[in-house]
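**Student:** Just passing along the structure, written as structure tokens.
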Amino acid sequence: MTPDERESLPPPVRSWLAENLTSGVDPSRLVQALQAQGLSEARAREAVDVVSAHPAVRHGQQAVSRRRELESLLEVRAALHAQCHPGPSPVAVERLRHLSPDAFFERYYIPNRPVVIEGLLDDWPALTRWSPEWLAERFGDEEVEVMAGRDAEPDPDFHAERLRRTLPLRELVARFRDTRASDDVYLVARNSLLLRAAFRPLLDDLRPPRGYIHPDLSAPDSVHLWFGPAGTLSKLHHDHLNVLFCQVLGRKRFWLSPSCETPRLYNDRGLYSAVDILAPDVSRFPDFARATLHSCVVGPGDALLIPVGWWHAVQALDLSVSVTFVSFDRPERNVEWRDYWIGPRPEKVQR
């Protein structure tokens, strides 16, 4: 195949060949597929050979056996997890009240299991004070950063810079009150609002759960706030840290699945799944039908442990305010799943 002929293969075809070759697909099947698209057998074989010879593809092929070994191990873990939860999916997340910190760490945090702790936030002034009207009255003139235009963007979390907007908090509250369920505008954790000087008084309305969360909230990224209308949706993804998700206002529905289910969750890129949790297309993603899901609804005063690596999607059922902590009251403070982020696919590659 001449250089001109090689370049005549559309980039998506070359990409498709590379993806399949590095996934361990037999080259003869790829040749047959190209023939079905109109290429001669000789041209199809040469196209596969050219892509196979690329150094990146050759390196990827060497990793196939290691990846299959890992997937086999995860398959066993997923099967054992399913045997622990033989009922229909989704399985209800365990709910407890008056769980001691020692029991929390011993039975849930360290074994990597989710749990909803009821009443853990009963001493928070925020539970009785933080209404949208109070926030607008107290901080209405302060500018806040939101993600806007999410409804029109298929992958809003991959294009945060493009969707960043600022507006007065009073205007944001008015927009939430005037709209029905929507995912279009959302004040999310990345804004670090609670660490801004103007909003520091809000920290006085929180009480880091004693024995669970380290009392020092001054460290960057130790505490975050989420504020949005009914209908906001965080797509199926996993986090790189353990998270204690605390619900202040409204209700949110969670779907969760352990990290051992990763091969069945179609990890499209970065830390996100390609599966739409609200309408899973099992014809495109058949293995998702075998995944064990857990589910719960958290309301005001509830705290949910989202264990590191657990896949989860979150939908607001009401206008809601949530607070998340990641600095646990342990010597290690948290554990981290490293190298988890790949980021968006490039829209255009410059030569």
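The values are calculated or read from the model by the stated rules, or taken from the named source; none is laboratory data. Everything quoted here is computed from the prediction, not taken from an experiment. Heads up, the Cβs are rebuilt from the backbone with ideal geometry, glycines too, and the neighbour counts pull from every protein chain shown. Ligands, DNA and RNA are stripped out before the accessible areas are found, and what is left, the full protein with its side chains, is counted by its heavy atoms. Shrake-Rupley method; radii C 1.70, N 1.55, O 1.52, S 1.80 Å.
**Student:** Scan around Leu249 for amide H atoms under 5 Å from its own, H built in the peptide plane at 1.01 Å from N, and keep only partners 5 or more places away or cross-chain.
**Tutor:** For Leu249, whose amide H was placed from the backbone, the distant partners under 5 Å are Val321.
**Student:** For the stretch 145-154, take each phi angle, set θ = phi - 60°, evaluate the Karplus expression 6.51 cos²θ - 1.76 cosθ + 1.60, and give the result in whole Hz per residue in order, putting x for glycine and proline.
**Tutor:** Computed from phi, the couplings for the stretch 145-154 are 9, 10, 9, 10, x, 5, 4, 8, 10, x Hz.
**Student:** Figure the gain on full extension for Ala63 and Ala92 (residue separation times 0.36 nm, minus the Cα-Cα span) and round it to one decimal in nm.
**Tutor:** 6.7 nm
**Student:** Would you mind checking which residues have amide H under 5 Å from Ser295's amide H? H placed 1.01 Å from N; only 5 or more apart, or other chain.
**Tutor:** Hits under the 5 Å cutoff: Val91, Ala92, Val93, Leu256.
**Student:** Is it possible to state the helix-based mean residue ellipticity at 222 nm for the chain, with each DSSP H run of 4+ residues giving -39500 (n - 2.57), the sum divided by total residues, to the nearest 500 deg cm²/dmol? What is it?
**Tutor:** -8000 deg cm²/dmol
**Student:** So, taking all protein chains as they sit and a 1.4 Å probe, how much accessible area belongs to Ser283, in Å² rounded to tens?
**Tutor:** Its heavy atoms expose roughly 100 Å² to the probe.
**Student:** Follow-up question, since we're still on this one. Show me, for the stretch 274-286, the HN-Hα J-couplings you get by feeding each phi into the Karplus relation (A = 6.51, B = -1.76, C = 1.60, θ = phi - 60°), rounded to Hz, glycine and proline as x.
**Tutor:** 7, 7, 7, 5, 7, 8, x, 9, 6, 6, 7, 10, x
**Student:** From Cα pairs below 8 angstrom and at least 6 apart in sequence, can you work out the relative contact order of the chain, rounded to a whole percent?
**Tutor:** 20 percent
**Student:** Another one. What residue among Ala42, Ala174, Ala291 shows peak mean-square fluctuation when the chain is described by a Gaussian network model with Cα springs under 10 Å?
**Tutor:** Among Ala42, Ala174, Ala291, the largest GNM mean-square fluctuation belongs to Ala42.
**Student:** Gain in length, Ser40 to Ser100, computed as 0.36 nm per residue apart minus the alpha-carbon separation, to one decimal in nm?
**Tutor:** Value of the extension gain: 14.7 nm.
**Student:** Could you derive backbone 3J(HN,Hα) for the stretch 53-58 from the dihedral phi with the Karplus parameters 6.51, -1.76 and 1.60 (θ = phi - 60°), listing whole Hz in sequence and x where the residue is Gly or Pro?
**Tutor:** 7, 5, x, 5, 5, 4
**Student:** OK, next. What is the gain in length, in nm to one decimal, between Ala289 and Asp155 on full extension, counting 0.36 nm per residue of separation less the C-alpha to C-alpha distance?
**Tutor:** That pair, Ala289 and Asp155, stretches by 45.9 nm at full extension.
**Student:** Within the stretch 234-299, report the trypsin sites (Lys or Arg not before Pro) that DSSP leaves as loop and that have at most 11 other Cβ atoms within 10 Å.
**Tutor:** Arg284
**Student:** To continue, here is another question. Non-local amide H neighbours of Asn242 (under 5 Å, H modeled in plane, Pro and chain starts lacking H): which ones?
**Tutor:** Val308, Val335
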